[in-house]
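**Q** Pasting a structure below so you can have a look.
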Amino acid sequence: MIGVVLALLAAFVNSLSVVLVRRKLDESNYFSATMMVTVIGNIILWPLALLFANLKTVNLRGILFFIIAGMLAPGITRLLYNKGMDALGVSINASIFATYPVYSSVLAVLLLGEIIAPENWIGVICIVAGVMFIERSLGKPKTEMKKISKKGLIFPLLATLTIASSQLVRKYGLNIYNEPLLGVAIGYSSSFLLYLLLLTSKMQYSMPLWKDLRLFWKPGVFLSLGWILSFYALSYERVSIVTPLLQTEPLFVLLLAYLHLKGLEHISLKVVTGTILIVIGIYLLVT
C-alpha cells in the first residue's frame, strides 16, 4: 500500500509541475523549460543523494541500470514525445502515449516474473482508457485537421516502449542496489548529458539564464520530488502496479488546470468518463 500511495503522490506532484510550466511557458519556450527543470533537479537531487544514500556499498551494476533508465526516460522518451507531438498533434500523440502502462505491465510479467490478477489487468485497462479520454479532451481538434502521416505514429509508439523499458530497468537497478535517491540523481544526470549531446546546437535561450531560472525553479523542484516519489514507489511495489498509477497524472493536471488556469480548461463528458474510468482502475489495482 505504501508504494500505491507514493505513486499517486508522484502523479499529483508531477501534475503541479506541468501546470506551473504551462502558466509560464508563454514567457519563454519549451526547450528552455525542459533544460531548466533538469538543471534544477540535478542541483537538488545530488546533495540529497550524497547526504542520505549509503555510498559505502556502492553497486556499479545497479548504477549502470540507473544510467540506462535515465537515458531512456525522461531522456529519449521526452525527445520522441515532442517529435510525435509535432508530427501528429497534441491529442493523438498523447492518446497513443497513454497506452504505455499496458506495455510496462506485459514486460513486467515476461521479464520480472510479476503476477497480475485479472482484476488488476482490468484496472490497468480502465486507467489507460480514462487517461486517453482526458487527453483527447485536452486536444484542439481544429488545429489537428491536417492529414496524419502514418510514419509519424512511430514516434509516440517508440516513446511508449522507451518509457516502459525505463520502468523495468529502474526496477532491476533498485532490486540490485536499493538506493532510490541516488538512482533518481543518476537518472537526471544521464538524461541531462544526453540532452547536451543531442541538442547542443539548439541551446539558445531567448532571455537571460537567470530569468528562466526565476520562471521554472518551482516546477523543477516539484518534478524532482515527483521522480523521488516514483523511485521510492518502485522500491516498495511492482512495476505493473506503479506504472498505471503514475499515469493518472493527466487527471490531476486537469483538476489543477481547472482550478488555477481559469478559462483554459473545461469539464466535458469525455473528462467525466475518463475520471470515472481512472477511479475504477485505481480501485481494481489496489484491491
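A short reminder: the numbers here are calculations on the coordinates, not readings from a lab. In this text the structure is predicted, and so the values were computed from the model without any measurement. No Cβ is skipped: glycine too gets one built from the backbone with ideal geometry, and neighbour counts run over all protein chains shown.
**Q** Kirkwood Rh, Cα Rg: Rg to Rh for region 2-286?
**A** 0.95
**Q** Evaluate the distance, in nm, between pseudo-label points positioned 7 Å from the Cα of residue 51 and of residue 276 along their respective Cα→Cβ axes.
**A** Result: 4.7 nm between the two label points.
**Q** Would you mind working out the magnitude of the charge dipole of region 2-286 relative to its Cα centre, with +1 at each Lys and Arg C-beta and -1 at each Asp and Glu C-beta, to the nearest 20 Debye?
**A** 680 debye
**Q** For a quick protection proxy, order the peptides 216-228, 185-197 by their average other-Cβ count within 10 Å, most packed first.
**A** Sorting 216-228, 185-197 by mean packing, highest first, produces 216-228, 185-197.
**Q** Could you list the residues of region 15-53 with an amide nitrogen less than 20 Å from a label point located 7 Å from the Cα of residue 5 in the Cα-to-C-beta direction?
**A** 15
**Q** A further question follows. Add +1 for every Lys or Arg and -1 for every Asp or Glu among the other residues with Cβ under 12 Å from the Cβ of residue 220, and state the total.
**A** +2
**Q** Then there's this: Over the Cα atoms of region 1-72, what is the Rg over Rh ratio if Rh follows Kirkwood?
**A** A ratio of 1.05.
**Q** Determine, from the Cβ-Cβ distance of residue 122 and residue 193 and an R0 of 51 Å, the FRET efficiency 1/(1 + (r/R0)^6), rounded to the nearest 0.05.
**A** Computed FRET efficiency for residue 122 and residue 193: 0.80.
**Q** Please give the peptides 245-251, 268-274 ranked by average Cβ packing (other Cβ atoms within 10 Å per residue), highest first, as a rough proxy for protection.
**A** Highest mean packing first, the order is 245-251, 268-274.
**Q** May I ask for the net charge around residue 159, where only other residues with Cβ less than 12 Å from the Cβ of residue 159 are counted and Lys, Arg are +1 while Asp, Glu are -1?
**A** My count for the surroundings of residue 159 gives +2.
**Q** Put +1 on the Cβ of each Lys and Arg and -1 on the Cβ of each Asp and Glu in the chain; which of 93, 178, 162 then has its Cα farthest toward the positive end of the dipole?
**A** Towards the positive end, the residue furthest out is 93.
**Q** Extension gain residue 269-residue 214, at 0.36 nm per residue separation less the Cα-Cα distance, in nm?
**A** Roughly 16.1 nm would be gained on extension.
**Q** What does the helix-only formula give at 222 nm for the chain: each DSSP H stretch with n ≥ 4 adding -39500 (n - 2.57), the total divided by the residues, and the result rounded to the nearest 500 deg cm²/dmol?
**A** -25500 deg cm²/dmol
**Q** For the charge dipole of region 2-286, defined by +1 on Lys and Arg C-beta atoms and -1 on Asp and Glu C-beta atoms about the Cα centroid, which residue among 36, 271, 223 has the Cα displaced farthest towards the positive pole?
**A** Farthest along the dipole direction, towards plus: 36.
**Q** While we're on this one: Using 0.36 nm times the number of residues separating residue 112 and residue 42, minus their current alpha carbon distance, what extension gain do you get?
**A** Result for the pair: 22.2 nm of gain on full extension.
**Q** Quick one: which of 230-239, 9-18 comes out on top by average Cβ neighbours within 10 Å, and what's the full order, highest first?
**A** Highest-to-lowest ranking by the protection proxy: 230-239, 9-18.
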